[in-house]
Amino acid sequence: MKGDTREKIESLLDRYEDKLEKARKVAEKKKVEEAKFITEFKRIRGEIIRPAMEEIGKLLSDRDHDAKIFEEDESSEYEGPTTASSIEMRFYPFGYEKATFRRENTPFISFNVSTTFAKKVRVRGSNMLPGASGSSGPRGEHEMGQINEDLVEGEVMAIIEEILSK
């Protein structure tokens, strides 16, 4: 092999290895940032979102309505999260048979993390009820610092108003 060829190959391999190392460092930094974001969401979920939902749920149950709160932590396969950390409150208004509720017709409000690009807290909701039309989908995105008791109560109340006004 000519010396020129050897030098070119070694130069290409050096550049390629440098590129891989830079990509590894970027991926590691991203992983650390995502972990911090998820940890902060879990703190806010436990200190702000869940207590607000529980308080509203208590008021509903005092009047024979039912609400359940579900939390899910991120799960991952391979290198990245496949299920986001979330908290969801499902509503079962008085007057409906529990057996008629399915996932697609149970009203809910949820807060979950979006780490992939925006690093925001996403709000989703549905006012669908058994045997009735309604809507389901995104309700907005918020910076982590915007999540407070007033915002959570407002989002939950919006769904409850929609459900009980049908």
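The numbers here are math on the coordinates, done by the rules we state, and not lab data. Please read these numbers as outputs of a predicted model, since none were measured by experiment. Note: ideal-geometry Cβ built from the backbone for every residue, glycine included; neighbour counts use all protein chains shown.
Does Ile44 meet the test of being among the β-branched types (Val, Ile, Thr), touching a strand residue (DSSP E or B) at 6+ places or on another chain (Cβ under 6 Å) and under 16 Å from Asp73 (Cα atoms)?
No, not satisfied.
Evaluate the following for Gly154: is it over 13 Å from the mean Cα position of the chain (by Cα), in a helix (DSSP H, G or I), surrounded by fewer than 21 Cβ atoms within 10 Å (Cβ to Cβ) and not charged (D, E, K, R)?
yes
Could you pull out the residue among Ile9, Ile49, Ile69 that is in contact (Cβ under 8 Å) with a residue 40 or more places away in the chain and surrounded by 10 or more Cβ atoms within 10 Å (Cβ to Cβ)?
Testing whether each residue is in contact (Cβ under 8 Å) with a residue 40 or more places away in the chain and surrounded by 10 or more Cβ atoms within 10 Å (Cβ to Cβ) leaves just Ile49.
So which residues in region 103-118 are surrounded by fewer than 16 Cβ atoms within 10 Å (Cβ to Cβ) and outside any strand (DSSP E or B)?
Scanning region 103-118 gives Arg103, Glu104, Thr116, Phe117, Ala118.
Kindly indicate the residue of region 119-138 that is surrounded by fewer than 18 Cβ atoms within 10 Å (Cβ to Cβ) and touching a Lys or Arg at 6+ places or on another chain (Cβ under 7 Å) and also farthest from Phe41 (Cα to Cα) among those meeting that condition.
So the residue we want is Ala132.
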